[in-house]
Amino acid sequence: MNEKPYIAYHSMTDKALSKLIGKFVKHHRLQQNKTQNVIATEAGISRSTLSLLERGEKVNLSTLIQVLRILDLLDLMEVFEVNETISPIAYAKLKKKQRKKASPQQKNIDKSKTEDIGW
């Protein structure tokens, strides 16, 4: 019975999402038993900027990335990866163009030596 409740993120306000992110950052900082001063210093930001982030206030995206890097949470970035996919129709066309067998090699014929039959 350890099921995750469904959260409709798309219906949340930007402020609510920012607070959720701030809560996440704070949780992981405390799990690592690090103070705001330590994280801020390592991330190259001020302690007040980290405090703003943890409270869900507006901060730069680069600030969030710096903090995630220090908390060793950059693996979260994999959700933003774009994997190129090919449609089934495009794949079928590509397979159709693939060679099925090799054709015999043609010998180079010198056209100057061939007879012109005058047709």
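The values are calculated or read from the model by the stated rules, or taken from the named source; none is laboratory data. As the structure is a computational prediction, the values presented were derived from the model and not from experiment. So basically every Cβ, Gly included, is an ideal-geometry build from the backbone, and we count neighbours across all protein chains shown.
For this structure, a couple of remarks:
- Sole exception among (1) within 28 Å of residue 7 (Cα to Cα); (2) at pLDDT below 95; (3) in a helix (DSSP H, G or I) for residue 25, by number: (2)
- Failed criterion for residue 82 (all others in (1) surrounded by fewer than 17 Cβ atoms within 10 Å (Cβ to Cβ); (2) within 20 Å of the chain's Cα centre (by Cα); (3) at pLDDT 95 or above hold): (3)
- Any hit, segment 60-69, residues being hydrophobic (A, V, I, L, M, F, W, C), assigned to a loop (DSSP other than H, G, I, E, B), surrounded by 13 or more Cβ atoms within 10 Å (Cβ to Cβ) and at pLDDT 95 or above: no
- Positions within segment 1-12 being touching a helix residue (DSSP H, G or I) at 6+ places or on another chain (Cβ under 9 Å) and part of a loop (DSSP other than H, G, I, E, B), in sequence order: 7, 12
- When residue 18 is tested against (1) assigned to a helix (DSSP H, G or I); (2) over 22 Å from the mean Cα position of the chain (by Cα); (3) within 15 Å of residue 58 (Cβ to Cβ), only condition (2) is not met.
- Residue 40 aliphatic (A, V, I, L, M) and surrounded by fewer than 18 Cβ atoms within 10 Å (Cβ to Cβ): no
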